[in-house]
Amino acid sequence: MKTKQYSLWERFTLPSPAFFNRVKGCGIALVALSAGLIKLNILPETITTIMATAGAVMGLVAQFSVDTAKVEVVK
């Protein structure tokens, strides 16, 4: 069974699985939390920078996942 290779733009615009939608939301929340903590100077800047980076990577990876079951229905 051959799987289709999607371009970056297709991966960005196609629907994501429900799990990765939740991961994307958690990543965005982590970035927002780290931005607030940077502004308040509660934690050291290195920890909040790591939190922001982890949240951004979570959101990016989740955005590029593709729900192949929904793609077959759409096309």
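Every number in this text was worked out from the coordinates using simple rules, so none of it is lab data. A quick note: this is a predicted structure, and the numbers were derived from the prediction, not measured.
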Handout entry: In degrees, nearest ten, helix 45-63 long axis to first principal axis of the chain (Cα)
Key = 10
Handout entry: the chain: angle of helix 18-40 to the longest principal axis, Cα-based, in degrees nearest 10
Key = 20
